[in-house]
Amino acid sequence: MVRIWADVRGAFAFLTVFPIPWPGGTQPGRTFAYYPLVGLAIGAVVAALAALDGLPDGLRSFLALAAWVILTGGLHLDGFGDACDGLLATVEPPRRLEIMKDPRAGSWAVIGLVLLLLGKWTALGAVEPVRLLLPPVIGRWAMVLAVAGFPYARASGLGSFFREGFGRAQVAAASVTALVVCAAFGFPVMLAGLAGPALAWIGGAWAARRLGGGLTGDVYGALCELTELVCLIALVNL
């Protein structure tokens with residue numbers, strides 16, 4: 001039980017800005033089991049803000065989106081921007097990897113982030129607040145599936161570090177949590193949850209080809225953001 005609690009704390013310490021210190025002795029890969037749980041906590045805050053009374057719809061959506069970004073420290077948005085710059089560049093895979101390590105934002109990063117945030121803001125106002133619990137869960141589930149499905153593209157790096165201790169048990173635990181949350185909403189809302197495995201495999205395969213056979217931490221973050229957006233759009237129509 002102590003070990004599980006340490007892994008949960010590790011997941012929250014890495015994925016959020018909550019003042020939780022990284023637990024000593026925890027294998028980073030073990031924290032993947034609780035990524036969807038972190039998403040559920042983030043979704044609860046987003047849903048609560050989206051349900052506030054007495055505010056214009058646009059302002060509620062803005063507050064919910066701002067909280068969504070702030071709670072994660074912009075971690076996945078940063079990865080999304082870097083992935084846009086690297087994956088969309090018309091260069092060879094090694095050069096794409098170099099571009100993604102560059103701390104400067106290029107034109108594709110700016111364009112991609114604007115479109116992503118605009119899409120989320122627009123969809124937030126059209127989705128029933130309680131359903132906003134789902135996208136952050138599914139987004140982090142997609143990350144777990146992508147890590148399981150594709151090798152790491154670099155010999156070292158943050159993504160490589162977080163693979164230590166990662167295995168089938170973590171994939172199974174994360175999947176059970178995500179599927180339980182999906183099932184709680186019933187059919188057809190749970191169909192939005194298909195965005196997780198779909199983007200993990202389709203988006204992951206495309207990105208892996210662009211990078212020479214593997215993925216990076218930036219791509220994991222990009223897949224999380226894209227999955228959240230697709231899930232939101234699906235919920236608008238369900």
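Taking G39 as the residue in question, decide whether it is in contact with a Gly (Cβ under 9 Å, 6 or more places away or on another chain), modelled with pLDDT of 90 or more and not polar (S, T, N, Q). Talk me through it step by step, then tell me what you get.
Details: in contact with a Gly (Cβ under 9 Å, 6 or more places away or on another chain): yes; modelled with pLDDT of 90 or more: yes; not polar (S, T, N, Q): yes.
So G39 passes the test.
Which of the following residues is of a type outside the set (K, R), modelled with pLDDT under 95 and in contact with a Leu (Cβ under 7 Å, 6 or more places away or on another chain): A142, A153?
Numbers: A142 fails: modelled with pLDDT under 95.
Of the residues listed, the single one that is of a type outside the set (K, R), modelled with pLDDT under 95 and in contact with a Leu (Cβ under 7 Å, 6 or more places away or on another chain) is A153.
Kindly indicate whether any position in the stretch 9-19 is farther than 27 Å from A169 by Cβ and out of contact with any Ser or Thr (no Cβ under 8 Å at 6 or more places or on another chain).
At the first step, the residues of the stretch 9-19 found to be farther than 27 Å from A169 by Cβ are 17, 19.
If we keep only those that are out of contact with any Ser or Thr (no Cβ under 8 Å at 6 or more places or on another chain) as well, we get 19.
There is at least one residue in the stretch 9-19 that is farther than 27 Å from A169 by Cβ and out of contact with any Ser or Thr (no Cβ under 8 Å at 6 or more places or on another chain).
For L226, are the conditions met, namely being crowded, with 18+ Cβ neighbours inside 10 Å, closer than 26 Å to E92 by Cα and modelled with pLDDT of 95 or more? So that I can check it myself, show each step before the final result.
Values: crowded, with 18+ Cβ neighbours inside 10 Å: yes; closer than 26 Å to E92 by Cα: yes; modelled with pLDDT of 95 or more: yes.
When the stated conditions are applied, L226 passes them.
Search the stretch 85-109 for residues that are closer than 18 Å to G74 by Cα and in contact (Cβ under 8 Å) with a residue 40 or more places away in the chain and pair each with any residue that is surrounded by 12 or more Cβ atoms within 10 Å (Cβ to Cβ) and of a type in the set (D, E, K, R) when their beta-carbon atoms are under 9 Å apart and the residues are at least 6 apart or on different chains.
From residues that are closer than 18 Å to G74 by Cα and in contact (Cβ under 8 Å) with a residue 40 or more places away in the chain, the pairs are M100/D82; M100/D85; M100/D218.
Need a quick list: helices (runs of 4 or more DSSP H) entirely within the stretch 96-193 having at least 2 residues that are surrounded by 14 or more Cβ atoms within 10 Å (Cβ to Cβ) and over 16 Å from the mean Cα position of the chain (by Cα).
Details: elements: 107-124, 134-149, 158-161, 168-185.
Result: 107-124, 168-185.
Before we move on, is G58 more than 27 Å from A153 (Cα to Cα), in contact with a Gly (Cβ under 7 Å, 6 or more places away or on another chain), modelled with pLDDT under 95 and in a helix (DSSP H, G or I)?
Working: more than 27 Å from A153 (Cα to Cα): yes; in contact with a Gly (Cβ under 7 Å, 6 or more places away or on another chain): yes; modelled with pLDDT under 95: yes; in a helix (DSSP H, G or I): yes.
Against the criterion (more than 27 Å from A153 (Cα to Cα), in contact with a Gly (Cβ under 7 Å, 6 or more places away or on another chain), modelled with pLDDT under 95 and in a helix (DSSP H, G or I)), G58 qualifies.
Please work out which one of (1) under 20 Å from L199 (Cα atoms); (2) crowded, with 21+ Cβ neighbours inside 10 Å is the condition L40 fails and give its number.
Every listed condition holds for L40 apart from (2).
Looking at A64, is it buried (at least 22 other Cβ atoms within 10 Å of the Cβ), farther than 19 Å from L226 by Cα and either modelled with pLDDT of 90 or more or of a type outside the set (G, A, S) (or both)? Don't jump to the end; show me each part of the working.
Details: buried (at least 22 other Cβ atoms within 10 Å of the Cβ): yes; farther than 19 Å from L226 by Cα: no; either modelled with pLDDT of 90 or more or of a type outside the set (G, A, S) (or both): yes.
Here the answer is no, as A64 does not meet what is asked.
Among the numbered conditions (1) among the β-branched types (V, I, T); (2) part of a loop (DSSP other than H, G, I, E, B); (3) modelled with pLDDT of 90 or more, tell me where T26 comes up short.
Going through the list (1) among the β-branched types (V, I, T); (2) part of a loop (DSSP other than H, G, I, E, B); (3) modelled with pLDDT of 90 or more, T26 breaks only (3).
Counting only residues that are part of a loop (DSSP other than H, G, I, E, B) and in contact (Cβ under 8 Å) with a residue 40 or more places away in the chain, which one in the stretch 61-80 is farthest from L40 (Cα to Cα)? Working first, answer last.
Of all residues in the stretch 61-80, those part of a loop (DSSP other than H, G, I, E, B) come to 72-74.
Narrowing the set further to residues that are in contact (Cβ under 8 Å) with a residue 40 or more places away in the chain leaves 72-73.
On the way: T72: 13, G73: 16 Å.
Of everything passing the filter in the stretch 61-80, G73 is farthest from L40 (Cα to Cα).
Which residue out of A83, A44 is out of contact with any strand residue (DSSP E or B) (no Cβ under 9 Å at 6 or more places or on another chain), within 22 Å of G203 (Cα to Cα), of a type outside the set (D, E) and part of a helix (DSSP H, G or I)?
Working: A44 fails: within 22 Å of G203 (Cα to Cα).
Within the list A83, A44, the selection yields A83.
The values are calculated or read from the model by the stated rules, or taken from the named source; none is laboratory data. What you see is a predicted model; the values in this text were computed from it and never measured. Positions of Cβ are backbone-derived with ideal geometry, glycine not excepted, and every protein chain shown enters the neighbour counts.
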